[in-house]
1. In segment 54-86, what residues are among the aromatic types (Phe, Trp, Tyr), out of contact with any helix residue (DSSP H, G or I) (no Cβ under 6 Å at 6 or more places or on another chain) and assigned to a strand (DSSP E or B)?
2. Looking only at segment 69-87, count every residue that is aliphatic (A, V, I, L, M) and modelled with pLDDT of 90 or more and tell me the total.
Amino acid sequence: MNEKAIKLVLLGILLLSLGLGLHFLLRIPLEDHLPGKIVDSYRGVPVYYNGPDYTKDKGESFSPEGYYYGSKWQCVEYVKRFYYVANSIECPMYLAMLKTFLTPLCPKGD
């Protein structure tokens, strides 16, 4: 290979590396807020942001009286907290999947 061809190959590799780097940098959104920030509410029950990695453990959520809602800030946690705060309903501890809330096992479940 002559010197001009080597320079073109190196320039191509550099541009490809730069393009891939920018692609990955720009496609990952920067966090505007941290997990646990209130992002909305429904009937007075706040909805918390659970972060970009929903699988990362953020601890457990309890009522002031000690009723266990679930893992912060997952969908089941919100449903159990909503039932408890807005409707004064405690669902059985073993209801861990959201679909199980729509059963006779949980009061007012349809």
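1. Phe62, Tyr68
2. 2
Yes/no per residue for (1) touching a Gly at 6+ places or on another chain (Cβ under 8 Å); (2) modelled with pLDDT of 75 or more:
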| residue | (1), (2) |
| --- | --- |
| Leu22 | no, no |
| Leu26 | no, no |
| Leu30 | no, no |
| Gly36 | no, yes |
| Ser41 | no, yes |
| Tyr48 | yes, yes |
| Ser63 | no, yes |
| Tyr67 | no, yes |
| Met93 | no, no |
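The values are calculated or read from the model by the stated rules, or taken from the named source; none is laboratory data. Worth saying up front: this structure is predicted, and the values here are computed from it rather than measured. Ideal geometry is used to build each Cβ from the backbone, glycine not excepted, and the neighbour counts take in all protein chains shown.
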